[in-house]
Amino acid sequence: MKNIAHNIIKFVIKENLHRILLIMLLLIVFGAVGMAIFEPNVNWDNALWWSIVTLTTVGYGDIAPTTFGGRIVGSIIMILGIGILGMFTATIASVFVEQKLKVNRGMSNYDFTNHTIICEWNYRAKEILRELRSDSRVLDQPIILIADIDEKPVNDENLHFIKGEVDEANLQRANIAAAKTVVILGDDKLDNNARDAQVVLAALIIESINPSAYTIVELVNEQNVAHCRKAHVDEIIVLNEFSSRLIARAALDHGISKVMSELLSASTGNNLYQVPVPHELADQSFLVVFSEMKRTRNSIVLAVYRRDQDIVISNPDVDLKVAANDQLVIVSQNEQ
């Protein structure tokens, strides 16, 4: 309750509403005193009530001045009240309109925690956002976009926009210190070298502020992977490398790109998930884990991610022991 009152007082002072409220208060006092003086049959309680009602509306008619002095006071209250009340409502409306414009133009600061930040906007960012919103885990979660574009690019009430370059100042505005995941895309307006250099610089800034944030970067040149590893980036996607490998695989095994497309899309069919090992399957062989995951959860285990060694074991041997702190990469209809 104290915080609400404190925020209201801050808002009133910041928007200079205290002056208008003071004038309204003085008019109410003037009307109440005038009514009590000029109308002998009206007590102070009713005079105050009449003054408030007359200032904010045109009165209910339950109390009406009958003397010349009372009517003069009433006329002053009504005329000035319309102007003051109109000024008050117009100021409030302009504040909300301005705030909405600030949000859409990327001029606001945010204090979310465990949120996702997307750096740069391009056609891939739009697809990334669509896929994220197709997943129940982030369906309504706040996502902050930092990009040097004119205004918020899509109508998503939980997408928050910061206009500008991906630098330390704008990352601080996005509360990078409390972010959970950061996706760093390249600026398509730059040449490949400058584009990747900007990505690496952003990764270094993020690492210096919030080393625990999970960072995913998009590169064009494979030669820059080493720079990202030095910046302790968690996942590195090299665009040309991925697309070339998929095209080659599709040329060898026709139709495989359709399978990959379904597995990577959160909006259709089965998807890829990384899940913890169920406690009842810890320290069991991979064959047991595979069989039980299929039997009890209708999920297919493709790989085991060894977190302590940061390695992925694809299609493990049947006798591989699956540890409690491992992660399973599965194909499933949901994360379970």
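The values are calculated or read from the model by the stated rules, or taken from the named source; none is laboratory data. These numbers were taken from a predicted model, which means no experiment stands behind them. FYI the Cβ positions are ideal-geometry reconstructions off the backbone, even for glycines, and counts take in every protein chain you see.
Below are the figures for this structure:
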quantity	calculated
Members of the range 167-194 that are closer than 14 Å to Asn122 by Cα and surrounded by 21 or more Cβ atoms within 10 Å (Cβ to Cβ)	Val183, Ile184, Leu185, Gly186
Of the criteria (1) surrounded by 14 or more Cβ atoms within 10 Å (Cβ to Cβ); (2) part of a helix (DSSP H, G or I); (3) not small (Gly, Ala, Ser), which one Asn240 fails	(1)
Among the residues listed as Leu219, Leu204, Leu252, the single one being modelled with pLDDT of 95 or more and either of a type outside the set (Val, Ile, Thr) or touching a Pro at 6+ places or on another chain (Cβ under 6 Å) (or both)	Leu204
Selection count, the range 45-87, where residues are over 52 Å from the mean Cα position of the chain (by Cα) and either surrounded by fewer than 16 Cβ atoms within 10 Å (Cβ to Cβ) or not assigned by TED's automatic domain parsing to the domain that holds Leu22 (or both)	7
Residue match in the range 255-278 (condition: within 30 Å of Asn193 (Cβ to Cβ), of a type outside the set (Ser, Thr, Tyr) and surrounded by fewer than 16 Cβ atoms within 10 Å (Cβ to Cβ))	yes
Residue in the range 263-273 that is under 33 Å from the mean Cα position of the chain (by Cα), in a helix (DSSP H, G or I) and either more than 30 Å from Asp167 (Cα to Cα) or not assigned by TED's automatic domain parsing to the domain that holds Ile143 (or both) present	yes
Residue match in the range 199-210 (condition: within 19 Å of the chain's Cα centre (by Cα), closer than 20 Å to Met107 by Cβ and not polar (S, T, N, Q))	no
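Residues are listed down the side, and each one gets a yes or a no for (1) part of a loop (DSSP other than H, G, I, E, B); (2) under 28 Å from Ser243 (Cβ atoms); (3) aromatic (Phe, Trp, Tyr):
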residue: Asn114; (1), (2), (3): yes, no, no
residue: Ala125; (1), (2), (3): no, yes, no
residue: Arg137; (1), (2), (3): yes, yes, no
residue: Leu145; (1), (2), (3): no, yes, no
residue: Glu151; (1), (2), (3): yes, no, no
residue: Val154; (1), (2), (3): yes, yes, no
residue: Phe161; (1), (2), (3): no, no, yes
residue: Ala194; (1), (2), (3): no, yes, no
